[in-house]
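Have a look at the structure below, then the notes.
The values are calculated or read from the model by the stated rules, or taken from the named source; none is laboratory data. Note that this is a predicted model, so its numbers are computed, not measured. Cβ: placed from backbone, ideal geometry, glycine included. Neighbour counts: every protein chain shown. Side chains are part of the model used for accessible areas, which takes the heavy atoms of the whole protein and leaves out ligands, DNA and RNA. Shrake-Rupley method; radii C 1.70, N 1.55, O 1.52, S 1.80 Å.
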Amino acid sequence: QVQLVESGGGLVQTGGSLRLSCAASGRTFSSYSIYWFRQAPGKERESVAAISRSGGGTYLADTAKGRFTISRDNAKNTVYLQMNSLKPEDTAVYYCGARSGSVAPIRDDMEYWGKGTLVTVSS
């Protein structure tokens, strides 16, 4: 069993930065690839980023490339999403998910989900 808790969301102005954290419980954190998703009001959930079990492989959606960075610290059971140059269209609830095995960029069939953290970017 893995429990995921997101944090770091908040209100930021256009062009600002936030760092989201996804903290996991359990001693098998390094067995899971971790994914970040977001869902804006009235829109479908979309993939944002993913990171392999070791952290050596990462994926960023086109909307995140050049602005967001995903990383992980397995000693702290935490994955980070550094978001820079934020835009109003980045406003959404951000969720992390965990799935055992190798990372695959395009998938949303997570074994575990967090409850999300709200990011609001004002114009």
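Residue by residue through segment 93-114, note down the ones that are part of a loop (DSSP other than H, G, I, E, B) and within 22 Å of Gly8 (Cβ to Cβ).
Scanning segment 93-114 gives Val103, Asp108, Met110, Gly114.
Is it the case that Thr69 is open to solvent by 50 Å² or more (accessible area, probe 1.4 Å), β-branched (Val, Ile, Thr) and out of contact with any helix residue (DSSP H, G or I) (no Cβ under 8 Å at 6 or more places or on another chain)?
Judged against the criteria, Thr69 is a match.
Looking only at segment 93-123, which residues are open to solvent by less than 40 Å² (accessible area, probe 1.4 Å) and touching a helix residue (DSSP H, G or I) at 6+ places or on another chain (Cβ under 6 Å)?
Answer for segment 93-123, where residues must be open to solvent by less than 40 Å² (accessible area, probe 1.4 Å) and touching a helix residue (DSSP H, G or I) at 6+ places or on another chain (Cβ under 6 Å): just Val121.
Residue by residue through segment 78-92, note down the ones that are open to solvent by 30 Å² or more (accessible area, probe 1.4 Å), part of a loop (DSSP other than H, G, I, E, B) and not charged (D, E, K, R).
Asn84, Ser85, Thr91
Take the residues in segment 1-24 that are farther than 19 Å from Met110 by Cα and not in a strand (DSSP E or B), then tell me which one is most open to solvent (accessible area, probe 1.4 Å).
Ranking the candidates gives Thr14 first.
How many residues, within segment 30-63, are under 14 Å from Tyr80 (Cα atoms), out of contact with any Ser or Thr (no Cβ under 6 Å at 6 or more places or on another chain) and buried (at least 22 other Cβ atoms within 10 Å of the Cβ)?
6
Pairs under 8 Å by beta carbon, first residue closer than 18 Å to Ser31 by Cβ in segment 1-15, partner of a type in the set (Val, Ile, Thr) and assigned to a loop (DSSP other than H, G, I, E, B), six or more apart or different chains?
Going by the 8 Å Cβ cut-off, the qualifying pairs are Val2/Thr28.
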